[in-house]
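What follows draws every value from the coordinates through simple rules; no lab data is involved. Everything quoted here is computed from the prediction, not taken from an experiment. Reconstructed Cβ throughout: ideal geometry from the backbone, glycine too, with neighbour counts over all protein chains shown.
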Amino acid sequence: MRKACFLIPGDLAAPTGGYAYARRILPLMDADGVDLRHVALPGGYPHPGEADLAATREALADCPDDAVLLIDGLALGAMPPDMVAPYGRRIAALVHHPLGLESGLDAARAEALIENEAAVLGHCRRIIATSRLTGETLAADFGVMPEMITIAEPGTDPAAPAEGSPAGAPLSLVAVGAVSPRKAYPLLVEALAACAAQNPWHLTIIGAHDRDPDEAARLRETIDRNGLGDHVTLAGAVDDVALAAHYHGADIFVSASLYEGYGMVLAEAMARGLPMVISTGGAAAQTAPDDAALKVPPGDGSALAGALSRIIDDEALCRRLAGASTRAGAALPRWHDTARIVANVLRDISA
């Protein structure tokens, strides 16, 4: 049995894709020959203070000498290279998307994160990327040798087909993800405002809106300015049961995200056969097949409004997209597939 430590910053229970990935693979690794132990790191990443870094050094030192270290990229990419170097021969990095590509960063901070992450990854023994695009980006822009990279896409649970809204009710549109500049929710609301005179619709945004107060305020201002208070609900963070209920009652899944490292919520929508309108930021274009979604360039409000206008008024289009979404959802990897890939990487590393 390979002994390994999984170092993850912040609250493992946080309702975001990266933490969900960790929660799902942790209990499955034992079956694939890896004794994977969760090691909590401070929550200040990816912008750690001195106390965060000191606690991280202590956590690294406390890991057994014979354990492989799987380190979540949210922390690893912001660690000083000299902290990582002594452990490099037994580190596997888990990268969802490079930190410097996060939306909303000023140019200097983005450049510093990219430079630091490239240096840190250069010390690592293996790299696990959660999408093909992330792997390609690390090879092309971060100096990582392609043979060091393994792709372990997130798994998806089978789910019953979405039932949709009740007869006579407005179309139910659902968007999932914490409110942040990268998710571009104000852009989505502006695009939907152009569809106000079409078939009745209601948008529910599911995801924490307390992590970026400025962006949350901008979103609320956009809703109010367009008079859409009765058409948009900010549901906040919800548990898995409530999220499944929102998906089940939805007619259309929408995403204006500027960048996705994979797009787990797209996979969750396809598992339920939902037709989609999405931006092609990051790996989203690869995750969702062309016949399952209307796709628009990231940040293009006019194109987004046009796609939403089409799907809101065209039942036949919705049915076609839903059929393709159902087929794509049935072919998605499951979590045991993901865990097996990660376990194989960890077993290959000699601690």
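Can you name the residue in the range 66-90 that is surrounded by fewer than 24 Cβ atoms within 10 Å (Cβ to Cβ) and touching a Lys or Arg at 6+ places or on another chain (Cβ under 9 Å) and, of all such residues, is nearest to Arg182 (Cα to Cα)? Ranking the candidates gives Met83 first.
Please work out if Val189 is in contact with a Ser or Thr (Cβ under 7 Å, 6 or more places away or on another chain), assigned to a helix (DSSP H, G or I) and closer than 16 Å to Phe253 by Cα. Judged against the criteria, Val189 is a match. Each residue in the range 269-307 was checked for being under 21 Å from Glu190 (Cβ atoms) and of a type in the set (D, E, K, R), and 2 of them qualify.
Would a scan of the range 138-145 turn up a residue that is crowded, with 18+ Cβ neighbours inside 10 Å and within 19 Å of the chain's Cα centre (by Cα)? Within the range 138-145, one or more residues are crowded, with 18+ Cβ neighbours inside 10 Å and within 19 Å of the chain's Cα centre (by Cα). You will find that of Ala20, Ala40, the residue that is assigned to a strand (DSSP E or B) and out of contact with any Phe, Trp or Tyr (no Cβ under 8 Å at 6 or more places or on another chain) is Ala40 and no other.
Condition test on Leu243, is it closer than 24 Å to Gly329 by Cβ, in contact (Cβ under 8 Å) with a residue 40 or more places away in the chain and surrounded by fewer than 20 Cβ atoms within 10 Å (Cβ to Cβ)? Reasoning before the result, please.
Details: closer than 24 Å to Gly329 by Cβ: yes; in contact (Cβ under 8 Å) with a residue 40 or more places away in the chain: yes; surrounded by fewer than 20 Cβ atoms within 10 Å (Cβ to Cβ): yes.
For Leu243, the condition - closer than 24 Å to Gly329 by Cβ, in contact (Cβ under 8 Å) with a residue 40 or more places away in the chain and surrounded by fewer than 20 Cβ atoms within 10 Å (Cβ to Cβ) - is met.
Residues are listed down the side, and each one gets a yes or a no for (1) assigned to a loop (DSSP other than H, G, I, E, B); (2) more than 29 Å from Asp11 (Cα to Cα):
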site: Ala196; (1), (2): yes, yes
site: His209; (1), (2): yes, no
site: Asp214; (1), (2): no, no
site: Arg220; (1), (2): no, no
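When Ala250, Ala169, Ala178 are checked against the criterion of being closer than 20 Å to Arg23 by Cβ, part of a loop (DSSP other than H, G, I, E, B) and hydrophobic (A, V, I, L, M, F, W, C), a single residue qualifies: Ala178.
Need a quick list: helices (runs of 4 or more DSSP H) entirely within the range 282-351 having at least 2 residues that are hydroxyl-bearing (Ser, Thr, Tyr). Working first, answer last.
Numbers: elements: 284-287, 301-313, 315-330, 335-348.
Per the criteria, 301-313, 315-330.
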